[in-house]
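The values are calculated or read from the model by the stated rules, or taken from the named source; none is laboratory data. Predicted model, so just to flag it, every value in this text is computed and none were measured. With ideal geometry, Cβ positions are generated from the backbone for all residues, glycine too; neighbour counts draw on all protein chains shown. Just so you know, the surface numbers come from the protein's heavy atoms only, side chains and all, with ligands and any DNA or RNA stripped out. Shrake-Rupley method; radii C 1.70, N 1.55, O 1.52, S 1.80 Å.
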Amino acid sequence: MAGFLSDCRCKSPSRFTCVSGGADHAKRGRGDEIIARYRWAVNPADARRLKDGDLETREENLRLLLVRAAEGDTSAKEALCALVRDYPDYHRSLYSRALNRAVVFGDETLKAPLLASLADTRYNCQAWAAMGCAALGFRDAVPGLVAMLDHPQEMAREQAVIALGALGDESVVPALTPVLRDSIGGMRERAAEALGMIGGDAALAALWDELENRRYYRIGYIASALAKFAPDVIPRLCEAADSDDPDQRYWAAVALGSTGDDRAVPMLERMMAHDRGSTVFDGMVSVAAKKGLRTLRRIQAAIAARES
């Protein structure tokens, strides 16, 4: 712990909130008060359960704390927050398991330690820090998440992409676009999902480029992401469904079905009845249109059920 505090000239209760210098100390006030309150309120028995005994026992105690936290137990929540705030003092297994459920106990006091963990290559739990930032809506994490797109670990990159979809805006589209060409299929899918969540002209342009200039044969994830831009994208998808390229028509049909919008029905019905094109992977455009219609109706039925 001393390593975290060696440059600090104040009596901060948290190693993550203290920044040397008068102006920064003046801003620290309320954050330190909140963290101090949590530290003093943590039940010592709950804290010990995460540090004493073998790892299997501590993991079981963590599970029980998460159950209690989900039921509203304040002491359990405070113990879990302390784990995240003081993460270097705990086993990585406990930290990662806790952040899988960050939404159950997390609060604003975890922003600084999560941002610190996001850049902490020695502790090596950056993927879970990204997960926690996304779950708790910490948009200050965006620069760190963009940096993680070059991480050597696939899981860290994947969680960074997912978190950017939840927290990012159009400014992160240029960083996410190259991931659509990643050699790992799962990464391409996550990037398409993230761009669909972010929305906007730049994200649409990146996804549309993948529809028109396909680098991979099977791009259902691109079609699904494009559907999120409905209803504005439907006329453009209908144009693509009438192109000379059967592969483009196939994926346009998939996207039209995924919109769940009645405006896509006439085009899908015409394609199902008359389009005999086949793709490079032997997929039939008419079959894609038929499946698209089924998908569209399922989406509409699900929406109707929720509204009723």
**Prompt:** Principal axis lengths of region 177-308 from Cα atoms, whole Å, largest first?
**Reply:** 38, 36, 23
**Fill in**
If one compares the long axis through the Cα atoms of helix 265-274 with the longest principal axis of the Cα atoms of the chain, the angle in degrees, nearest 10, works out at 50
**Prompt:** Gaussian network model of the chain, Cα springs within a sub-10 Å range: biggest mean-square fluctuation belongs to which of Val280, Val265, Val67?
**Reply:** Val280
**Prompt:** How many angstrom separate the Cα center of region 59-110 from the Cα center of region 225-262?
**Reply:** 44
**Request:** Could you tell me the accessible area of Arg190 in Å² (1.4 Å probe, neighbours in place), rounded to the nearest ten?
**Result:** 80
**Prompt:** Probe 1.4 Å, all protein chains in place: accessible area of Trp251 in Å², nearest 10?
**Reply:** 20
**Request:** In a Gaussian network model over the chain where Cα atoms closer than 10 Å are linked, find which of Asn100, Asn213, Asn124 has the largest mean-square fluctuation.
**Result:** Asn213
**Asked** Rounded to the nearest 10 Å², what accessible area does His91 show when all protein chains are kept and the probe is 1.4 Å?
**Response** 80
**Message:** Accessible area of region 258-302 with a 1.4 Å probe: how many percent of it is carbon plus sulfur?
**Reply:** 53
**Message:** Helix-only mean residue ellipticity at 222 nm, the chain, DSSP H runs n ≥ 4 weighted -39,500 (n - 2.57), per residue, nearest 500. What is it?
**Reply:** -19500 deg cm²/dmol
**Request:** With the full set of protein chains in place, find how many percent of the accessible area of region 30-175 is carbon and sulfur; take the probe as 1.4 Å.
**Result:** 49
**Request:** Using only alpha carbons, build the gyration tensor for region 89-141 and give me the equivalent ellipsoid semi-axes, biggest first, whole Å.
**Result:** 16, 13, 9
**Asked** When ligands, DNA and RNA are left out and all protein chains stay put, how many square angstrom of accessible area per residue does region 247-289 have with a 1.4 Å probe?
**Response** 41
**Fill in**
Connecting every pair of Cα atoms under 10 Å apart in the chain and solving the GNM, the largest mean-square fluctuation among Phe105, Phe138, Phe281 falls on Phe281
**Item:** Per residue accessible area in Å² of region 147-230, where ligands, DNA and RNA are left out and the probe is 1.4 Å
**Value:** 43
**Asked** In the chain, if every C-alpha pair distance is counted and binned at 10 Å from zero, what percent goes to each bin?
**Response** 6, 22, 24, 20, 15, 9, 4, 0
**Message:** Nearest 10 degrees is fine. How inclined is helix 74-85 to the longest principal axis of the chain, computing both from alpha carbons?
**Reply:** 80
**Signed unit charges on C-beta, dipole axis of the chain, positive-most listed residue Phe229, Tyr87, Gly186** = Tyr87
